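Peer 1: The structure follows.
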Amino acid sequence: MKKKDAAAFQNLPAWLMFLAVLCVFAATPAYAQHKAACELVSKDDAEAILGVTLLPPKPSEPFRSLLDPDFTSGTADQGCEFTNFRFNYATPNQPKPPKVVTVRLEVRYASTPNAHAVDEVRKQVDTRTYDHPTDLSGLGDAAFWVGQPNNVTVFLFLGGTVRLMIGPSEIGLERSKALGMKALAGLGKTNFTYGATTGLSKPVLAKQGPNSTALDQLKRALTAKADGGDTKAETALGRLYEFGKIGPDGNAQPDYAGAAYWYQQASDHGNAEGAYQLAVLYRGGMGVAADASRSFQLLQKAADGNHVPAMRLCPMRMPTRRHL
């Protein structure tokens, strides 16, 4: 700010100066981004959670990370290692603590929100490991974990633009979650919905009147339940729009776009059947643009929900190991 401008600012009335400052804060993003990984959790906080005295956190470049769709190396600010022991070739006989504790934290930022970031990372996990994702509630806008008790990895998502990974490590699920909560606290809060409907319009119901058909009445009744969060009503509506109307020739006259909307709602609310039926529509380009990748993600989601037809359609998991 130039001296002349600064002086003019200082001479503003108090109420106007307050308003100017308020506008500056209003323009600030709702949560801080682009903090380096080692800035998200302090050494003291990590020690309190892990119950050991740690060495100073060490920035590290992620390599073949499950947060990335390719195998390129990341940058040092994206990774951080917390440990109580590091081997040093200069002093190979240095004593080890009774138990060596090591855990890595990784972070990625995107410039624009991605509603399908969770599905994309789950696909990375599915295609590159043996692990089966399990959803976590109460952490960021979405979260899941994979692995065994001695090899846990937690994934957290915030605002559509932040992806975090803690592990793999032997610290267990609860401590991994605690580290995740500390990391998220440094980024703020959002209310972003992952897997949100994009480009799908809610079907318009026919006006109620003496000419209303039984099908119209059924759609109206189910829509009332679906609007209240009933996932069974959402999937029933999907099937009704897809198969419920019969033409003069006796064949179904599907409204695939309407079906896609309600299957999407059911999928977003955790219904495996809805995810499966929507995957079929994306595979065939019916009511939605054909999208093989999106179809795969939805099939995986349905399979994770123990939907047997989805399990049969999902590609076999290849016997690959993490980060290989």
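Peer 1: Taking V100 as meeting all but one of (1) modelled with pLDDT of 90 or more; (2) assigned to a loop (DSSP other than H, G, I, E, B); (3) surrounded by 15 or more Cβ atoms within 10 Å (Cβ to Cβ), write down the number of the exception.
Peer 2: (3)
Peer 1: Looking at (1) surrounded by 17 or more Cβ atoms within 10 Å (Cβ to Cβ); (2) over 18 Å from A310 (Cα atoms), which is the one condition that is false for Q264?
Peer 2: Result: Q264 passes all but (2).
Peer 1: I've got another one for you. When you go through (1) touching a Ser or Thr at 6+ places or on another chain (Cβ under 7 Å); (2) touching a residue at least 24 places away in the same chain (Cβ under 8 Å) one by one for T231, which number turns out not to apply?
Peer 2: Among (1) touching a Ser or Thr at 6+ places or on another chain (Cβ under 7 Å); (2) touching a residue at least 24 places away in the same chain (Cβ under 8 Å), the lone unmet condition for T231 is (1).
Peer 1: Taking A115, is it under 21 Å from S267 (Cβ atoms), within 18 Å of the chain's Cα centre (by Cα) and among the aliphatic types (A, V, I, L, M)? Spell out the reasoning first.
Peer 2: Values: under 21 Å from S267 (Cβ atoms): yes; within 18 Å of the chain's Cα centre (by Cα): yes; among the aliphatic types (A, V, I, L, M): yes.
The answer is yes for A115.
Peer 1: Mind checking which residues of region 134-159 are modelled with pLDDT under 85, more than 19 Å from R104 (Cα to Cα) and of a type outside the set (D, E)?
Peer 2: Residues satisfying the conditions are T134, S137.
Peer 1: Would a scan of region 38-56 turn up a residue that is assigned to a strand (DSSP E or B) and assigned by TED's automatic domain parsing to the domain that holds L173? Before you say what the answer is, go through the steps one by one.
Peer 2: Within region 38-56, the subset assigned to a strand (DSSP E or B) is none.
No, there is no match, as no residue in region 38-56 is assigned to a strand (DSSP E or B) and assigned by TED's automatic domain parsing to the domain that holds L173.
Peer 1: Restricting attention to region 138-177, and to residues there that are among the hydroxyl-bearing types (S, T, Y) and within 15 Å of the chain's Cα centre (by Cα), which single residue is farthest from G188 (Cα to Cα)?
Peer 2: This residue is T153.
Peer 1: Do you know which residues across region 60-97 are surrounded by fewer than 11 Cβ atoms within 10 Å (Cβ to Cβ) and either acidic (D, E) or in contact with a strand residue (DSSP E or B) (Cβ under 8 Å, 6 or more places away or on another chain) (or both)?
Peer 2: D70
Peer 1: Pick from region 195-214 the residues that are surrounded by 15 or more Cβ atoms within 10 Å (Cβ to Cβ) and out of contact with any Gly (no Cβ under 7 Å at 6 or more places or on another chain): which of them is modelled with the highest pLDDT?
Peer 2: Across region 195-214, the extreme among qualifying residues is L200.
Peer 1: Please identify the pairs in which a residue from region 35-54 that is under 14 Å from R104 (Cβ atoms) has its Cβ atom under 8 Å from the Cβ atom of a residue that is in a helix (DSSP H, G or I) and of a type in the set (S, T, N, Q), counting only partners at least 6 apart or on another chain.
Peer 2: Every condition considered, the pairs that remain are A36/Q78; A37/Q78.
Peer 1: Inspect all residues belonging to region 237-259 and state whether any of them is in the same structural domain as A302 (by TED's automatic domain parsing), crowded, with 21+ Cβ neighbours inside 10 Å and among the acidic types (D, E).
Peer 2: yes
Peer 1: Identify, from the list L136, L173, L164, the residue that is crowded, with 20+ Cβ neighbours inside 10 Å and touching a strand residue (DSSP E or B) at 6+ places or on another chain (Cβ under 6 Å). Break it down stepwise before answering.
Peer 2: Numbers: L136 fails: crowded, with 20+ Cβ neighbours inside 10 Å; L173 fails: crowded, with 20+ Cβ neighbours inside 10 Å.
Only one candidate passes the filter, namely L164.
Peer 1: Tell me, yes or no, whether region 109-119 has at least one residue that is in a loop (DSSP other than H, G, I, E, B), of a type in the set (S, T, N, Q) and over 30 Å from L298 (Cα atoms).
Peer 2: Residues of region 109-119 that are in a loop (DSSP other than H, G, I, E, B), as a first pass: 110-116.
Filter again for of a type in the set (S, T, N, Q), leaving 111-112, 114.
Now drop any that are not over 30 Å from L298 (Cα atoms), which leaves none.
Within region 109-119, not a single residue is in a loop (DSSP other than H, G, I, E, B), of a type in the set (S, T, N, Q) and over 30 Å from L298 (Cα atoms).
Peer 1: Turning to a different aspect of this structure: Condition (residue is without any contact (Cβ under 8 Å) to a residue 12 or more places away in the chain, closer than 23 Å to A226 by Cα and not acidic (D, E)) applied to region 253-273: is it met by at least one residue?
Peer 2: Initial filter on region 253-273 (without any contact (Cβ under 8 Å) to a residue 12 or more places away in the chain): 253.
Subsequent filtering for residues that are closer than 23 Å to A226 by Cα retains 253.
Cutting the leftovers down to not acidic (D, E) gives us 253.
Scanning region 253-273 turns up at least one residue that is without any contact (Cβ under 8 Å) to a residue 12 or more places away in the chain, closer than 23 Å to A226 by Cα and not acidic (D, E).
Peer 1: Might you check whether a residue that is assigned to a helix (DSSP H, G or I), touching a helix residue (DSSP H, G or I) at 6+ places or on another chain (Cβ under 9 Å) and under 24 Å from F63 (Cα atoms) occurs anywhere in region 151-158?
Peer 2: Taking every residue of region 151-158 in turn, none turns out to be assigned to a helix (DSSP H, G or I), touching a helix residue (DSSP H, G or I) at 6+ places or on another chain (Cβ under 9 Å) and under 24 Å from F63 (Cα atoms).
Peer 1: Which one of the conditions (1) within 25 Å of A143 (Cβ to Cβ); (2) assigned to a helix (DSSP H, G or I) does Y194 fail to meet, given that it meets all the rest?
Peer 2: All conditions are met except number (2).
Peer 1: For residues that are outside any helix (DSSP H, G or I) and either exposed (fewer than 12 other Cβ atoms within 10 Å of the Cβ) or among the basic types (K, R) (or both), tally how many sit in region 215-236. First the steps, then the outcome.
Peer 2: Of the residues in region 215-236, the ones outside any helix (DSSP H, G or I) are 228-230.
Next cut, either exposed (fewer than 12 other Cβ atoms within 10 Å of the Cβ) or among the basic types (K, R) (or both) only: 228-229.
Final tally of qualifying residues: 2.
Peer 1: Would you confirm whether or not region 130-145 contains a residue that is closer than 26 Å to Q297 by Cα, of a type in the set (D, E, K, R) and in a loop (DSSP other than H, G, I, E, B)? Walk me through it before giving the result.
Peer 2: Residues of region 130-145 closer than 26 Å to Q297 by Cα: 130-145.
Still in the running and of a type in the set (D, E, K, R): 131, 135, 141.
Of the ones still in play, those that are also in a loop (DSSP other than H, G, I, E, B) are 131, 141.
Within region 130-145, one or more residues are closer than 26 Å to Q297 by Cα, of a type in the set (D, E, K, R) and in a loop (DSSP other than H, G, I, E, B).
The values are calculated or read from the model by the stated rules, or taken from the named source; none is laboratory data. Not measured: the values here are computed from a predicted model. Positions of Cβ are backbone-derived with ideal geometry, glycine not excepted, and every protein chain shown enters the neighbour counts.
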